[in-house]
Structure formats: C-alpha cells, structure tokens
Amino acid sequence: MPTPFEGGCMCGGVRYRCEAEPGMTYYCHCEDCRRGSGSAFHVGLGVSKDAVTVLKGEPKSFRKEADSGRGITRMFCPTCGSPLFTYPDVWPDIVMIKAGSVDEPELFEPNIEIYTDSKVSWAHIGPTVESYPKGRA
C-alpha cells in the first residue's frame with residue numbers, strides 16, 4: 001500500500017492520515033472482532049501508532065478485555081458509528097486500522113488470519129493465507 005494513505009468514517013465526520021506502510025494486514029475471526037465489525041471477521045492493517053494522525057473530528061472509544069485476556073480500545077465515529085482503529089495493549093506502539101475505513105482498501109491484501117478457532121463455518125479465506133488458531137505471537 002502506498003504511503004501516505006487516508007481514510008475516515010461513513011459520514012465524513014472523522015478523517016485520518018497514515019504515514020507508514022502496514023507491518024501486517026490480516027483477518028481476525030475472534031468474537032470481539034466479529035461483533036466490533038458487524039461481520040464474520042475484521043480486516044485490519046497494523047501500523048506504528050505514531051504514524052496515524054486524526055485530521056478531522058474526534059473518535060469515541062470503547063475499552064474492554066479482549067479474547068487474548070488483555071485490554072483493547074476500539075475507536076469509532078461518534079456520529080455514524082463507523083469503526084476506525086483498534087489499540088491492543090499487547091502491542092502498545094501499534095494501531096490496527098480498520099481496512100473498511102481506508103479510502104482505497106483494494107491497495108492491500110491480507111496475508112494472515114488469526115483466531116481461526118473462532119471462525120464461522122461459512123467464512124472462507126483463500127488457501128494461500130497463513131492461518132493461526134489463536135493470535136499471532
């Protein structure tokens with residue numbers, strides 16, 4: 001994915017810019033990510049927290065204990081509810097950008113899937129994607 005890249009929420013109330021290439025692109029099948037995305041899985045891009053700047057608006061946050069047993073903070077638009085970022089305690093210097101919020105999501109392709117033990121039976125990801133039953137160390 002070329003850098004920098006930008007994204008935002010559905011209503012346009014929150015916009016951000018990322019100045020770094022993703023260190024990983026992934027599918028996550030854990031229950032928290034399914035519920036947080038409203039879909040069968042979450043698709044994310046892991047980047048340095050310092051590389052992301054909110055250009056417009058102020059995201060709202062929700063914090064809870066993740067499936068890993070560690071804390072996780074999810075950021076979303078306070079107006080339209082679009083999910084934007086996830087801050088996992090396990091990686092304090094990383095932010096997970098929600099791929100659906102990126103202006104040009106087709107510019108990247110996830111290469112791993114995690115928490116496949118929680119995968120719904122009808123969610124099929126290609127056979128060339130590395131899979132992990134739990135999180136990736």
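Listing for the model above:
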| item | result |
| --- | --- |
| Any hit, segment 84-97, residues being surrounded by 15 or more Cβ atoms within 10 Å (Cβ to Cβ) and within 14 Å of residue 10 (Cβ to Cβ) | yes |
| Qualifying residue in segment 38-51 (condition: farther than 23 Å from residue 123 by Cβ, among the acidic types (Asp, Glu) and at pLDDT below 95) | no |
| Hits in segment 21-50 - residues which are over 13 Å from the mean Cα position of the chain (by Cα) and surrounded by 18 or more Cβ atoms within 10 Å (Cβ to Cβ) | none |
| Flag for residue 120 being in a strand (DSSP E or B) and not basic (Lys, Arg) | no |
| Qualifying position, being in contact (Cβ under 8 Å) with a residue 60 or more places away in the chain, surrounded by 11 or more Cβ atoms within 10 Å (Cβ to Cβ) and not in a strand (DSSP E or B), among 109, 113 | 109 |
| Residues of segment 19-32 that turn out to be more than 16 Å from residue 121 (Cα to Cα) and either free of Cβ contacts under 8 Å to residues at least 40 places away in the same chain or outside any strand (DSSP E or B) (or both), as a count | 6 |
| Among (1) loosely packed, with under 14 Cβ neighbours inside 10 Å; (2) at pLDDT below 95; (3) in a strand (DSSP E or B); (4) not hydroxyl-bearing (Ser, Thr, Tyr) - the single one residue 55 does not satisfy | (2) |
| Tabulated pairs, segment 43-54, first more than 11 Å from residue 96 (Cβ to Cβ) and of a type in the set (Asp, Glu), second surrounded by 15 or more Cβ atoms within 10 Å (Cβ to Cβ) and at pLDDT below 95, C-beta under 9 angstrom, 6+ apart or interchain | 50/20 |
| Hey, residue 14 in contact with a Gly (Cβ under 7 Å, 6 or more places away or on another chain), farther than 19 Å from residue 92 by Cα and β-branched (Val, Ile, Thr) or not | yes |
| Sole exception among (1) among the hydroxyl-bearing types (Ser, Thr, Tyr); (2) out of contact with any helix residue (DSSP H, G or I) (no Cβ under 7 Å at 6 or more places or on another chain); (3) farther than 14 Å from residue 41 by Cα; (4) at pLDDT 90 or above for residue 82, by number | (2) |
| Among (1) touching a strand residue (DSSP E or B) at 6+ places or on another chain (Cβ under 9 Å); (2) under 27 Å from residue 116 (Cβ atoms), the one test that residue 51 misses | (2) |
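Here's the yes/no breakdown for (1) among the aliphatic types (A, V, I, L, M); (2) farther than 23 Å from residue 134 by Cα:
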residue: 19; (1), (2): no, yes
residue: 22; (1), (2): no, no
residue: 40; (1), (2): yes, no
residue: 59; (1), (2): no, yes
residue: 69; (1), (2): no, no
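The values are calculated or read from the model by the stated rules, or taken from the named source; none is laboratory data. Model, not experiment: these values are computed from the prediction. Cβ sites come from the backbone with ideal geometry, for glycine too, and all protein chains shown count toward neighbours.
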